[in-house]
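The values are calculated or read from the model by the stated rules, or taken from the named source; none is laboratory data. Just so it is clear, the model here is predicted, and its values are computed rather than measured. Reconstructed Cβ throughout: ideal geometry from the backbone, glycine too, with neighbour counts over all protein chains shown. Ligands, DNA and RNA are excluded from the accessible area calculation, which covers all protein heavy atoms including side chains. Shrake-Rupley method; radii C 1.70, N 1.55, O 1.52, S 1.80 Å.
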Amino acid sequence: MSTDRLEDQINRFGQAVESFAACISALGEESFLVKLNGWSPRDILAHLIGWNRHVIEGSKQIQRRELPF
């Protein structure tokens, strides 16, 4: 188990999100839509957004002492 403080973990996560967003922003529209092995960067980003929504909803359900999903 990591000994990092929660604040440090949150800060590192925020930095990773910013770095990921910068990578996506740096892609031109053409590159953003090109598929590699069936997935384009746009497809991957949409997939991650969808899973984030599920995680948020599942977390709220757990906080309400409900089984997620």
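Details
- Taking the criterion of being touching a Phe, Trp or Tyr at 6+ places or on another chain (Cβ under 8 Å) and open to solvent by 90 Å² or more (accessible area, probe 1.4 Å), the only residue of the stretch 1-48 that qualifies is 42.
- When residue 68 is tested against (1) surrounded by 10 or more Cβ atoms within 10 Å (Cβ to Cβ); (2) part of a helix (DSSP H, G or I); (3) modelled with pLDDT under 95, exactly one condition is not met: (2).
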